[in-house]
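The values are calculated or read from the model by the stated rules, or taken from the named source; none is laboratory data. None of the values given here were measured: they were computed from a predicted structure. Please note: Cβ atoms are built from the backbone with ideal geometry, for glycine as well, and neighbour counts cover all protein chains shown. With ligands, DNA and RNA removed, areas are computed over all heavy atoms of the protein, side chains included. Shrake-Rupley method; radii C 1.70, N 1.55, O 1.52, S 1.80 Å.
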Amino acid sequence: MTSSADWIAGARPRTLPAAVAPVLAGTGVAAYVDQSVWWKALLAMVVSLALQVGVNYANDYSDGIRGTDADRVGPMRLVGSGAATPRAVKAAAFAAFGVAGLAGLALAATTAWWLLAVGVVCVVAAWFYTGGEKPYGYLGLGEVMVFVFFGLVAVIGTTYVQTRTWEWPALYAGVGVGALACAILVANNLRDIPTDTVAGKRTLAVRLGEERTRYLYAFLVLVAAAAVVAVAVATTWWALLGLGFLARAAAPARSVLAGAAGPALIPVLAATGAAELIWSVLVAAPLLVLG
């Protein structure tokens with residue numbers, strides 16, 4: 001039988017900061033314009049976390065049945081390792097999507113019904129990242145979709161359900177959060193270039209090659225730093241505290257640029273996730289205090 005520890009590992013808890021960060025950043029912007037609604041922020045957090053877990057299980061299922069995870073370097077995969085059946089992992093993915101859907105329904109009912117369409121698109125994008133006959137994650141589009149959904153949509157959406165208005169700082173925050181979320185995926189795919197190439201998974205890292213992928217990671221960190229400045233210009237200079245994320249992002253960036261490969265890139269994933277969370281906390285904190 002699959003143990004609870006196996007299911008927790010399969011949910012990939014180290015990726016969860018990427019789900020928490022956009023909600024914190026979006027709520028910070030909402031608070032700055034004096035329109036934060038805490039119960040909506042909590043529902044948005046449920047949506048984001050459930051989608052992240054759902055994506056992780058869906059990827060485990062789809063990559064597992066394709067054999068992509070057969071020789072994977074990194075955290076255990078439930079299907080690839082044989083710890084759980086594909087059917088059980090698929091059911092877990094849809095259960096997580098169901099939780100996200102229920103929380104999203106509550107937000108749509110109290111904000112705007114067109115948000116249901118956004119939610120459906122999010123779930124579809126989550127499934128077809130590695131699912132279906134032609135998953136876009138195998139075509140080098142994974143980073144684009146992560147930037148859009150776990151950056152722009154998540155941050156702007158969190159702000160919108162609380163304010164019901166368009167706020168430019170939410171866009172800038174979405175860029176920063178999205179850039180670091182992309183950096184996590186870039187590091188992951190950099191690690192998996194050898195096995196993905198053999199499996200026919202044409203990720204952006206496979207297409208760019210190792211050297212350019214390393215430069216892309218560093219570029220995304222710089223984009224996140226520039227986004228802090230943009231948020232500060234649009235709100236308060238106290239938001240520049242967000243540049244403190246560089247203290248956590250510097251080490252993994254140096255590691256990537258220095259040529260870390262294989263298992264040596266696993267700590268980079270955790271460190272980049274931590275840097276994203278620190279980015280959102282340090283940017284959101286002054287907005288919450290001054291809002």
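The heavy atoms of Asp6 offer some 40 square angstrom of accessible surface to a 1.4 angstrom probe. The GluC sites (Glu not before Pro) of the stretch 128-175 meeting both criteria, a DSSP state outside H, G, I, E and B (loop) and at most 14 other C-beta atoms within 10 angstrom of the site's C-beta, are Glu133. Here each label is just a point 7 Å from Cα along the line to Cβ, and for Ala226 and Val124 those points are 3.2 nm apart. Each 10 Å bin, from zero up to the one with the longest distance, holds this percent of the alpha carbon pairs of the stretch 175-291: 15, 44, 26, 12, 3, 0. If only the Cβ of Lys and Arg carry +1 and only the Cβ of Asp and Glu carry -1, the dipole of the chain around its Cα centre is close to 180 debye.
Test of understanding: what is the full-extension gain from Ala95 to Val233, defined as 0.36 nm times their sequence separation minus their Cα-Cα distance?
Details: separation 138, 0.36 × 138 = 49.68 nm, distance 4.13 nm.
Additional length available on full extension: 45.6 nm.
Estimated at 0.36 nm per residue, the fully extended path between Leu116 and Trp166 surpasses their Cα-Cα distance by 16.2 nm. Taking the stretch 118-162 and a reference point 7 angstrom along Cα→Cβ of Trp39, the backbone N atoms nearer than 20 Å belong to 158-162.
Quick check for me: using +1 on Lys/Arg Cβ and -1 on Asp/Glu Cβ, what's the dipole size of the stretch 50-175 about its Cα centre, in debye to the nearest 20? All intermediate terms of the calculation are to be shown ahead of the outcome.
Details: 7 positive and 7 negative charges, 45 e Å.
Roughly 220 debye, rounded to the nearest 20.
Run the numbers for Ala250 and Glu211: contour at 0.36 nm per residue of separation, minus the present Cα-Cα distance, in nm. Don't jump to the answer; show the numbers that get you there.
On the way: separation 39, 0.36 × 39 = 14.04 nm, distance 1.82 nm.
Value of the extension gain: 12.2 nm.
3J(HN,Hα) along the stretch 193-207: 3, x, 6, 5, 4, 5, 7, x, 8, 8, 5, 4, 5, 5, 5 Hz, from the Karplus curve 6.51 cos²θ - 1.76 cosθ + 1.60 with θ = phi - 60°, whole Hz, x for Gly and Pro. Can you pull the percent of the stretch 129-235's accessible area that's carbon plus sulfur, 1.4 Å probe, other chains left in place? Roughly 68 percent, rounded to a whole number. Under the convention that each Lys and Arg Cβ holds +1 and each Asp and Glu Cβ holds -1, the size of the dipole of the stretch 153-290 around its Cα centre is about 140 debye. Within a straight-line Cα-Cα reach of under 17 Å, Lys134 can be paired with the following aspartates and glutamates, leaving aside sequence neighbours fewer than 8 residues apart in one chain: Asp60, Asp63, Glu143, Asp196. Working from Cα pairs under 8 Å separated by at least six residues, relative contact order for the chain is 25 percent. Annotation: per residue accessible area for the chain equals 42 Å², rounded to a whole number [probe 1.4 Å, protein chains only].
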